[in-house]
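Below: the structure, in structure tokens.
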Amino acid sequence: MREISAAAMQAVLAQSTPEVFVPCLSINHPTFANPIRLAFNTEVMHRAAGDYMPYAFQIDLPAQHDDSLPQVKLTVDNVDLQVNDAIRTLQGPPTVTMDVVMASSPDVMEIGPFNYNLQSATANADTIQGVLGFEDDIFSQQVPGQNYLPSNSPGLFL
């Protein structure tokens, strides 16, 4: 069961509220001096982790299927090319952390954090579309985890 703050619960249950829930993204890679921090907001969101810049993005949560791992689809606005230029030069996948906060208390995570790896990305003049998934993709792992050869398992080859 997910726990949220009393203020968030009151906002959710109220008939009307001035509270705003703000989704936030943090894109990080070992080669970045600072993570790229984005908030789906109209103004800069000051948080303890740093400033989250106002940026348009859309998160499509996965459908639940028994035969596949969930993947999150992320669409980020490509107007100023900041995110596009940063992702284009990377070697290896960046990590993407998502959370949701209230605008009145930006340092209290109401939902999250959810940690993903950027598995693939495509871009055009308007948007960057990415697929987020988990680092440990069990469907891509070799089974068994090692090869049994005479050099590493001499007891099997008598």
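The values are calculated or read from the model by the stated rules, or taken from the named source; none is laboratory data. Predicted model, so just to flag it, every value in this text is computed and none were measured. Cβ sites come from the backbone with ideal geometry, for glycine too, and all protein chains shown count toward neighbours.
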Elements of type strands (runs of 3 or more DSSP E) in the stretch 1-56, at least 3 residues being surrounded by 15 or more Cβ atoms within 10 Å (Cβ to Cβ): 21-28, 36-39
Any chance Glu19 is acidic (Asp, Glu) and free of Cβ contacts under 8 Å to residues at least 60 places away in the same chain: no
Set Leu90, Leu61: member being modelled with pLDDT under 90, surrounded by 14 or more Cβ atoms within 10 Å (Cβ to Cβ) and farther than 12 Å from Ile128 by Cβ: Leu90
Test: residue in the stretch 65-87 that is basic (Lys, Arg), under 14 Å from the mean Cα position of the chain (by Cα) and either closer than 20 Å to Phe134 by Cβ or assigned to a loop (DSSP other than H, G, I, E, B) (or both): yes
Candidate set: the stretch 50-81, residues that are touching a strand residue (DSSP E or B) at 6+ places or on another chain (Cβ under 7 Å) and polar (S, T, N, Q); chosen: the one nearest to Gln119 (Cα to Cα): Gln71
